[in-house]
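Trainee: Got a structure here, written out as structure tokens. Questions coming.
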Amino acid sequence: GRTHEVIFGNVLAVRTYCADCDGPALIIEGLLACCSRPVTREPRGQKRECEPIQRRKLPPTKERKRQLAEQGNSCMYCELEFGSVICRGEVSLVLTVHWDHCVPYSYGQNNLTANFVAACQVCNSIKSSKTFPSLDEARSYVIQKRIARGYL
């Protein structure tokens, strides 16, 4: 059966088909929720099951200030300081703060403060609506794309 991420309102989960139970089953910590059979397949794609009742918004001002201080006023992905000047060829660019949803808004409509990080406009654009199993994998992907696109 196909294994995929499913989105129920603001909750992201992984689900597959269980042949033993003859129906869909959530995967929790590598086990089928219905019969505890181990599952090793990685999710391939996303599927929205129900819409949340929210709109995209930023974290509250107090939380944005806290997050910026916690991140050292630097991008979560490239770790360059906001306000720094970078070059792409002969063009200079000042890095500004963009608030990135860790689990992209397009998947989970999750505006909870814990789902945001401060990212520069370059990294936020590169990460876009991609999901990653860990921050290290997200950073690695974004940095490789930055280099390939000539951002120094």
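The values are calculated or read from the model by the stated rules, or taken from the named source; none is laboratory data. Here the structure is a predicted model, which means the values were calculated and not measured. As a convention, Cβ positions derive from the backbone with ideal geometry for all residues, glycine included, and neighbour counts pool all protein chains shown. Calculation scope for accessible area: heavy atoms of the full protein, side chains included, ligands and nucleic acids excluded. Shrake-Rupley method; radii C 1.70, N 1.55, O 1.52, S 1.80 Å.
Trainee: Suppose we filter E70, E49, E5 for residues that are modelled with pLDDT under 85 and out of contact with any helix residue (DSSP H, G or I) (no Cβ under 9 Å at 6 or more places or on another chain); which single one remains?
Mentor: Step by step, each of E70, E49, E5 is checked, and only E49 is modelled with pLDDT under 85 and out of contact with any helix residue (DSSP H, G or I) (no Cβ under 9 Å at 6 or more places or on another chain).
Trainee: Oh, and also: Kindly provide the set of residues from the range 77-86 that are buried (at least 16 other Cβ atoms within 10 Å of the Cβ) and not hydroxyl-bearing (S, T, Y), ordered by number.
Mentor: Across the range 77-86, the qualifying residues are C78, L80, F82, I86.
Trainee: Right, something else. Since S74 meets every condition but one in (1) of a type in the set (S, T, N, Q); (2) in contact with a Cys (Cβ under 9 Å, 6 or more places away or on another chain); (3) loosely packed, with under 15 Cβ neighbours inside 10 Å, which condition does it not meet?
Mentor: S74 satisfies all of (1) of a type in the set (S, T, N, Q); (2) in contact with a Cys (Cβ under 9 Å, 6 or more places away or on another chain); (3) loosely packed, with under 15 Cβ neighbours inside 10 Å except (3).
Trainee: Show me the strands (runs of 3 or more DSSP E) found entirely inside the range 87-140 where at least 3 residues are open to solvent by 10 Å² or more (accessible area, probe 1.4 Å).
Mentor: 91-94, 97-101
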